[in-house]
Amino acid sequence: MNQPDALRHVFQRCGGDSNILQNPAVAHLLIDGHEVVGSRALGGMEMASRPVAGGIRVSLRILRGYRFAEPMHLCFGLPRRQGRQKIIMDVHLEAFSELRVFAHCLFPEALDIQHRMQARVILEEQAELHYYERHVHGPQGGVLVVPKARVQVGPGGKYYGDFALTSGRVGQLDIDYTVEAERDAVVELTNRLFGHGDDSIRIRENILLNGENARGLIKARIALEDRAQAEVRGITEGRAAGARGHVDCLELVKDAARASAVPKVKVSHPLAKVTHEAAIGSVDQRQMETLMAHGLSPEEAVDIIVTGILQ
């Protein structure tokens, strides 16, 4: 099986619809390791890639005022047991444009895999980006994932980032995002993760509300079992009049798992307001008893409770 077919096969095996990649109305980019094995750009979209030392650099530009009926699909992965992948992405949305992206990161056979992502994202005035990132990992936990992003959201712009890793073992995950929001901008960062075995999760996210009436939300929903560990640091800074921010972290632990949450709020303008809440706890016994009274086993009850917080 050649590389394009291998990645498409993994995409389909992990629940993706490979027909999407054949649809001429859907933009897509497939990268196996450091090689582009499939791509399609639409009108109003400029996309290019080139090799760099130890990786691949991708640039994506959405021209002024362009909006697309269908989301763009990114498929990054290594459909084998060992390998390295480093992707440097430059994303630029010009004023009044909008893009929805479904990013599929696929490592179902990982025993010794490293996936590193460095992203630089610029949203001009009233541009809007929805970025949904879904990871599928194998059962061995042999993967290191290191995503880093620096995002600038211009006046009236909107940036929504949603990261989910609930299928397979996390392995080692180290997220580092910083987002700067100008006047009337909106930023939402959401993480949903389920750690098993000796998985290690580290999340550092920082929203800087630089402009008047900017809005920011950091939200984390994490479940841990066995010996998994998680450390979540969410920082929001209100720097202008009318800026509003909130950090919301919920972590559920069982067995010998360990979790920590460090929400941090900073305000440097008297008319800004930033709040936070964090909760770490075990499975609620009353919920367990209610579900078991309806005929579920303890294991099934736990699964339902965990699934609920990861929605």
Check PRO108 against each of (1) at pLDDT 95 or above; (2) under 24 Å from THR190 (Cα atoms); (3) more than 17 Å from the chain's Cα centre (by Cα) and name the one condition it does not meet.
(1)
So which residues in segment 72-82 are buried (at least 18 other Cβ atoms within 10 Å of the Cβ) and farther than 17 Å from ALA119 by Cα?
LEU78, PRO79
Restricting to segment 122-160, give me the number of residues that are open to solvent by 10 Å² or more (accessible area, probe 1.4 Å), in a strand (DSSP E or B), of a type outside the set (Phe, Trp, Tyr) and closer than 21 Å to ASP90 by Cβ.
9
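Taking the condition touching a Gly at 6+ places or on another chain (Cβ under 9 Å), assigned to a strand (DSSP E or B) and open to solvent by less than 10 Å² (accessible area, probe 1.4 Å), does ILE175 pass?
no
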Would you confirm whether or not segment 172-193 contains a residue that is farther than 30 Å from PRO270 by Cβ, more than 13 Å from the chain's Cα centre (by Cα) and free of Cβ contacts under 8 Å to residues at least 40 places away in the same chain?
yes
Answer with yes or no whether LEU271 is crowded, with 16+ Cβ neighbours inside 10 Å, in contact (Cβ under 8 Å) with a residue 12 or more places away in the chain and out of contact with any Cys (no Cβ under 9 Å at 6 or more places or on another chain).
no
For the structure I just gave you, tell me whether ALA119 is surrounded by fewer than 19 Cβ atoms within 10 Å (Cβ to Cβ), of a type in the set (Gly, Ala, Ser) and within 13 Å of the chain's Cα centre (by Cα).
yes
Any residue in segment 243-250 that is more than 20 Å from the chain's Cα centre (by Cα), buried (at least 16 other Cβ atoms within 10 Å of the Cβ) and either over 24 Å from HIS196 (Cα atoms) or in contact (Cβ under 8 Å) with a residue 60 or more places away in the chain (or both)?
yes
Every residue from segment 53-67 that is modelled with pLDDT of 95 or more, open to solvent by 40 Å² or more (accessible area, probe 1.4 Å) and either over 22 Å from ASP162 (Cβ atoms) or assigned to a loop (DSSP other than H, G, I, E, B) (or both)
ARG57, SER59, ARG61, LEU63, ARG64, GLY65, TYR66
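What do you reckon, is ALA95 open to solvent by less than 50 Å² (accessible area, probe 1.4 Å) and over 20 Å from ASP199 (Cα atoms)?
yes
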Counted residues in segment 99-116 being open to solvent by 20 Å² or more (accessible area, probe 1.4 Å), free of Cβ contacts under 8 Å to residues at least 60 places away in the same chain and closer than 22 Å to VAL179 by Cα come to 2
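The values are calculated or read from the model by the stated rules, or taken from the named source; none is laboratory data. Computed from a predicted structure; not experimentally measured. For neighbour counting, all protein chains shown are included, and Cβ atoms are generated from backbone atoms with ideal geometry for every residue, glycine included. The accessibility values were calculated without ligands, DNA or RNA, using every heavy atom of the protein model including side chains. Shrake-Rupley method; radii C 1.70, N 1.55, O 1.52, S 1.80 Å.
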